[in-house]
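The values are calculated or read from the model by the stated rules, or taken from the named source; none is laboratory data. Not measured: the values here are computed from a predicted model. As a convention, Cβ positions derive from the backbone with ideal geometry for all residues, glycine included, and neighbour counts pool all protein chains shown. When the accessible area is computed, the model is the full protein with side chains, heavy atoms only, and any ligands, DNA or RNA have been set aside. Shrake-Rupley method; radii C 1.70, N 1.55, O 1.52, S 1.80 Å.
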Amino acid sequence: MNKYRVFWLVFLGGLLLFAAAIVWYTRRALAPYPPAQVALEALVSDNQVLVQDRPYGWVFIPQGAAKGGLAFYPGGLVEPQAYAPVLRRIAANGYRVALLRVRFNLAVTEQGKARQAMAEAPQLPWAVGGHSLGGVVASNFAQNNSGARALVMWAAYPQNDLSDKATPTLALFGERDGVIRKEQLEASLSKFPKNTQTETIPGLNHAGFGAYGPQRGDQPATIPAEEGWNRVARSTVDFLNRSLVGP
């Protein structure tokens, strides 16, 4: 066999193997975190909360008149249904909660999605929130949309400098978070709105804000999942009561 032909066969074979490895790695790296069964069960209506599918995602509607609304962006590469357990708890406390569905499970692809949910109930005072990357997108939305009267950030920090804003803000973190780098968070603290309420939940990790299993780089939580969801929901409801409803 001609030595040049051998060279090109070996070269092309190596190139194909390299391309296959890139495809495999990309698919693995961008594979979304699916919701646990308990999250799917939280999407079923009962006598406390009505859950409806919408073009923008899902809406949790409480029994009786809603006190306000929360439009919520999911974390990066997390399927949004994973946040149903916590968001359902918030809805059961009197808030209309919109869980947003975004392209490729990346909130940065549809940063204005909250407008669709807010337009369905314009009579309500609305907050916008999100987890991780979703919290970053929520902060961008709050910066540019006056209709967002409050901001809820779970395990997230602002991308832009919001220190001159008076937007009521909840910055909720988990003590066991292994995804957020300490130095990144410390460098971003000055970007939060000036009246930000910061709280750290003992024993909670990064993935504990939802129900999608372990997350790469995270630390294990030291509190049960249900307890973590209850703590996150309670802190968020208390904040919404103060920020959207008032005394």
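Scanning the range 193-222 for residues that are crowded, with 18+ Cβ neighbours inside 10 Å and touching a Pro at 6+ places or on another chain (Cβ under 8 Å), we see that the one that is farthest from Ala171 (Cα to Cα) is Tyr212.
Does any residue of the range 235-246 turn out to be in contact (Cβ under 8 Å) with a residue 60 or more places away in the chain, touching a Leu at 6+ places or on another chain (Cβ under 7 Å), among the small types (Gly, Ala, Ser) and outside any loop (DSSP other than H, G, I, E, B)? Within the range 235-246, one or more residues are in contact (Cβ under 8 Å) with a residue 60 or more places away in the chain, touching a Leu at 6+ places or on another chain (Cβ under 7 Å), among the small types (Gly, Ala, Ser) and outside any loop (DSSP other than H, G, I, E, B). One residue stands out in the range 67-79 among those that are surrounded by 22 or more Cβ atoms within 10 Å (Cβ to Cβ) and farther than 17 Å from Ala207 by Cα: the one that is farthest from the chain's Cα centre (by Cα), namely Gly69.
Here Lys3 clears all of (1) at pLDDT 95 or above; (2) over 28 Å from Asn105 (Cα atoms) except the condition numbered (1).
Just to be sure, is Gly147 more than 21 Å from Glu79 (Cα to Cα) and open to solvent by 20 Å² or more (accessible area, probe 1.4 Å)?
Details: more than 21 Å from Glu79 (Cα to Cα): yes; open to solvent by 20 Å² or more (accessible area, probe 1.4 Å): yes.
In short, yes.
Yes or no, residue by residue, for (1) crowded, with 21+ Cβ neighbours inside 10 Å; (2) polar (S, T, N, Q); (3) touching a residue at least 40 places away in the same chain (Cβ under 8 Å); (4) outside any strand (DSSP E or B):
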residue	(1), (2), (3), (4)
Ile61	no, no, no, no
Ala65	no, no, no, yes
Gln81	yes, yes, yes, yes
Pro85	yes, no, yes, yes
Val97	yes, no, no, no
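Across the range 131-170, what is the number of residues that are part of a loop (DSSP other than H, G, I, E, B), within 17 Å of Arg181 (Cβ to Cβ), modelled with pLDDT of 95 or more and not hydrophobic (A, V, I, L, M, F, W, C)? Residues meeting the conditions: 3.
If you scan the range 150-162, which residues turn out to be closer than 20 Å to Glu227 by Cα and open to solvent by 10 Å² or more (accessible area, probe 1.4 Å)? Give the steps one after another, and end with the answer.
So the first thing to find is which residues in the range 150-162 are closer than 20 Å to Glu227 by Cα, and the list is 152-155.
Passing the criteria: none in range.
In the range 163-180, the count of residues that are touching a strand residue (DSSP E or B) at 6+ places or on another chain (Cβ under 6 Å), open to solvent by 50 Å² or more (accessible area, probe 1.4 Å) and either over 22 Å from Ala71 (Cα atoms) or hydroxyl-bearing (Ser, Thr, Tyr) (or both) is one or more. Pairing residues of the range 103-130 that are over 22 Å from Val232 (Cβ atoms) with residues that are open to solvent by 70 Å² or more (accessible area, probe 1.4 Å) and at pLDDT 95 or above, at Cβ distances under 9 Å and at least 6 apart in sequence or on separate chains, gives Thr109/Arg103; Glu110/Arg101; Glu110/Arg103; Gln116/Pro55.
Within the range 184-203, can one find any residue that is in a helix (DSSP H, G or I) and of a type in the set (Ser, Thr, Tyr)? Working first, answer last.
Here is the first cut: in the range 184-203, the ones in a helix (DSSP H, G or I) are 184-191.
Subset that is of a type in the set (Ser, Thr, Tyr): 188, 190.
Checking the range 184-203: at least one residue is in a helix (DSSP H, G or I) and of a type in the set (Ser, Thr, Tyr).
Can you find a residue in the range 101-120 that is outside any strand (DSSP E or B), more than 18 Å from Tyr212 (Cβ to Cβ), touching a helix residue (DSSP H, G or I) at 6+ places or on another chain (Cβ under 6 Å) and small (Gly, Ala, Ser)? Taking every residue of the range 101-120 in turn, at least one turns out to be outside any strand (DSSP E or B), more than 18 Å from Tyr212 (Cβ to Cβ), touching a helix residue (DSSP H, G or I) at 6+ places or on another chain (Cβ under 6 Å) and small (Gly, Ala, Ser).
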